[in-house]
Ligand SMILES: Cc1cc2nc3c(=O)[nH]c(=O)nc-3n(C[C@H](O)[C@H](O)[C@H](O)COP(=O)(O)OP(=O)(O)OC[C@H]3O[C@@H](n4cnc5c(N)ncnc54)[C@H](O)[C@@H]3O)c2cc1C
Ligand code: FES
Ligand code: FES
């Protein structure tokens, strides 16, 4: 099998990479597990990011910086603070090992379909995305909230090369949970929850495009998050949480599941994950 | 055409290839036909090889991406004249029927044992996930991983 490519380049600097990406029909190539399978018909040139030194995980002050070319297995193996468990759990749930060895964090948040798993976990952790834009005249660094990045990708408005994502290092706990039809399917719905000094954050995601072509983008469940800041006493938080989660989550249906099913499933996953995290962390958000 | 330079099964190679050629094709067209063409979409594991010691599906990897790296195919692990203990374990455990999935399974087992000399049954399942076999029902493949791990440990203990 072949891709109909005219050029393959492996630039050594970001300025060169951005200049090469400005050519018509050029695309950034990370692991290639998406681009090499679904490369669009106008793809003529790939600009391989492997020589730009974008892989690796490091502590940077109050943040953990994850290089865009870090593979999902690298994320699982990284010595992350215990509070960032959701990231390793989401990365380890991705397909098979050979795919996890190649799929990168940057690639995962730069493709226009099925942004679940690591993307959901990053949204649940309120990640920031670091981009390089510009060209031969200079490289500019831009920071974006993960939700904006995912939205830009889904709407075709994304630009620049993702160089890294940053997540807060002071998250007290986090977790990730997905439900899928079988072990080899993408998640029908997935959920990430985190708790830290800025409160509890819940994100839910799922797979595929809805009937209207809208993407089931990971969504921040703001009302559910607010409810957990002041939860009703005893066990009644579960019913209350289900009610707000069902009310606020989008109902995107696709070839895998109906919209109503996905929304109900996501609400159930939210409750199960919050309960498991609270039980594991002494009941305190 | 671009130039592909890499180490393949310990041997430096320099081949001219089309920019858009996948690694499976490059390897097979140079005689390394143990790397199988299956789904060609990253789903079945038949085309697995080691890239710098890490398992990858060569059907979703441009050969150009692998240029400059170290590649090991099933032929570099062992062959009929000098089989690797993992290959012997697959035969002895009855994990080989038609054999189409076997090179990929052996490559995956090799990568697993390099990281984890004493895998549990669950570790083996996790490592072989993504390797589809239409013949064996998988139980014997998992048995083969256990047998390979036992034999490797025994060989090391006895050395
Ligand atoms: C068997 C199999 C199963 C899969 N299952 C799933 C699944 O369940 N869910 C799912 O979402 N995906 C799935 N994928 C698709 C793919 O593995 C992931 O989306 C992966 O994370 C993409 O990462 P990559 O590094 O391989 O990206 P690539 O394929 O290299 O690139 C993907 C896209 O992102 C762009 N890009 C890559 N890196 C950057 C960067 N740093 N900056 C800007 N743009 C960039 C590329 O131009 C391209 O458009 C699967 C793939 C395979 C082969
Ligand atoms: S042929 Fe490569 S994974 Fe199936
Ligand atoms: S032995 Fe036939 S596919 Fe596995």
Per-residue Cβ neighbour rank within 10 angstrom, fewest leading, A:103, B:29: B:29, A:103
Test item: A:20-33 mean partner chain Cβ contacts at 10 Å: 2
Dimensions (Å) - the protein assembly as shown, Cα atoms, principal axes, largest first: 71, 56, 44
Packing-based exposure ordering (other Cβ within 10 Å, fewest first) of A:109, B:33: B:33, A:109
Listed peptides A:242-249, A:77-84 by packing density, highest first (mean Cβ within 10 Å): A:242-249, A:77-84
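Summarise the partner chain shielding of A:90-103 as one whole number: the mean count of Cβ atoms from other chains within 10 Å of each residue's Cβ. Could the numbers behind the result be given before it?
Values: counts 0, 0, 1, 0, 0, 4, 15, 15, 21, 9, 4, 8, 9, 1.
For this peptide, the per-residue mean of nearby foreign Cβ atoms is 6.
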Histogram of C-alpha separations across segment A:11-151, 10 Å bin width, %: 11, 42, 37, 10, 0
Efficiency of FRET from Cβ geometry, residue A:41 and residue B:81, R₀ 41 Å, rounded to 0.05: 0.35
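Helix-derived [θ] at 222 nm for the protein assembly as shown: sum -39500 (n - 2.57) over DSSP H runs of at least 4, divide by residue count, nearest 500? The partial results should precede the final answer.
Working: 18 runs with 159 residues, N = 444.
Per the formula, -10000 deg cm²/dmol.
How do A:66, B:77 rank when sorted from fewest to most other Cβ atoms within 10 Å of their own Cβ?
B:77, A:66
Averaged over its residues, how many other protein chain Cβ atoms are within 10 Å of peptide A:220-227's Cβ atoms?
Values: counts 0, 0, 0, 0, 0, 0, 0, 0.
Across the residues of A:220-227, the mean count of other-chain Cβ atoms within 10 Å is 0.
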Estimated FRET transfer efficiency (residue A:23, residue B:33; beta-carbon r; R0 35 Å; 0.05): 0.45
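Set the Förster distance to 41 Å, then compute FRET efficiency between residue B:154 and residue A:181 from the Cβ-Cβ distance, nearest 0.05.
Working: r = 41 Å, r/R0 = 1.01.
The calculated FRET efficiency here is 0.50.
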Against the rule of thumb 2.2 N^0.38 Å, how large the Cα Rg of segment A:7-50 comes out: 1.06
Max mean-square fluctuation residue, GNM over chain B, Cα-Cα springs under 10 Å, options B:82, B:64, B:48: B:82
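State whether chain B is rounded, prolate or oblate according to the following rule on the C-alpha gyration tensor (a ≥ b ≥ c being the square roots of its eigenvalues): a/c under 1.5 gives rounded; otherwise a/b larger than b/c gives prolate, and the remaining case gives oblate. It would help to have the intermediate numbers written out before the result.
Working: a/c = 2.07, a/b = 1.61, b/c = 1.29.
Judged from the Cα gyration tensor, chain B comes out prolate (a/c at least 1.5, a/b above b/c).
Kindly give the semi-axes, whole Å and largest first, of the ellipsoid equivalent to segment A:1-90, taking each as the square root of 5 times a Cα gyration tensor eigenvalue.
For segment A:1-90, the ellipsoid semi-axes come out as 30, 16, 9 Å.
Every read-out reported here was derived from the displayed coordinates using simple, explicitly stated rules and does not represent laboratory data. From a predicted model like this one, the values you see are computed outputs, not experimental measurements. Here Cβ is always computed from backbone atoms with ideal geometry, including for glycine, and neighbour counts include all displayed protein chains.
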